[in-house]
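Below is one structure, written out as structure tokens; comments come after it.
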Amino acid sequence: MNFSDIVLGGVFEKKMKGMPPAALFRAIRAFLETISPGIVFDIAADRPKVLSPLGACQTMSVDLPGDEPTDFNNIVENNALLGTFASAGKRRKMLSKPKTAKGYKIDTDHVYTIECYDDTMDLATFHQVL
């Protein structure tokens with residue numbers, strides 16, 4: 001299994017209401033695909049979905065068992081066991097591309113701790129704040 005095989009996000013059972021006009025939707029989708037090439041952004045479908053590659057998460061720590069983070073309020077980027085990424089931003093940029101992510105294997109002997117969030121989602125109301 002490699003990084004291109006795992007995605008994070010949501011698949012919804014019902015069609016979304018209040019969709020933006022088609023031209024605006026295409027512009028939003030194009031923008032998102034530019035910043036995260038592996039994203040699946042299909043909110044206009046009968047079963048809407050927004051899925052992002054695992055490697056595009058905000059913070060990732062890859063550790064040997066016993067060395068993994070225990071403070072989940074302060075996960076620190078640690079990708080040395082993955083390869084040489086100069087920063088979390090570089091890792092996100094590289095591993096959000098499916099072709100590149102395919103070259104990075106998931107080692108089942110490692111512990112993967114990730115932090116991912118959507119700062120545009122209001123979880124109190126379940127409304128998207130754009």
Original post:
Any idea which of (1) over 22 Å from LEU95 (Cβ atoms); (2) open to solvent by 70 Å² or more (accessible area, probe 1.4 Å) is the one PHE72 doesn't satisfy?
Top reply: (1)
Original post:
Looking at segment 50-72, is at least one residue out of contact with any helix residue (DSSP H, G or I) (no Cβ under 8 Å at 6 or more places or on another chain), within 30 Å of HIS127 (Cβ to Cβ) and part of a helix (DSSP H, G or I)?
Top reply: no
Original post:
Looking at segment 93-105, which of its residues are assigned to a loop (DSSP other than H, G, I, E, B), of a type outside the set (Phe, Trp, Tyr) and surrounded by 14 or more Cβ atoms within 10 Å (Cβ to Cβ)?
Top reply: SER96, LYS97
**OP:** Answer yes if at least one residue in segment 38-50 is aliphatic (A, V, I, L, M), under 29 Å from ASN74 (Cβ atoms) and more than 11 Å from the chain's Cα centre (by Cα), and no otherwise.
**Re:** no
Subject >> Residue, least open to solvent (accessible area, probe 1.4 Å), within segment 109-130, restricted to residues that are closer than 21 Å to GLU68 by Cα, part of a loop (DSSP other than H, G, I, E, B) and at pLDDT below 95 >> reply: CYS116
Original post:
Are any of the residues in segment 81-91 over 18 Å from the mean Cα position of the chain (by Cα) and loosely packed, with under 12 Cβ neighbours inside 10 Å?
Top reply: yes
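The values are calculated or read from the model by the stated rules, or taken from the named source; none is laboratory data. Nothing here was measured: the structure is a model prediction, and the numbers come from that model. No Cβ is skipped: glycine too gets one built from the backbone with ideal geometry, and neighbour counts run over all protein chains shown. Ligands, DNA and RNA are excluded from the accessible area calculation, which covers all protein heavy atoms including side chains. Shrake-Rupley method; radii C 1.70, N 1.55, O 1.52, S 1.80 Å.
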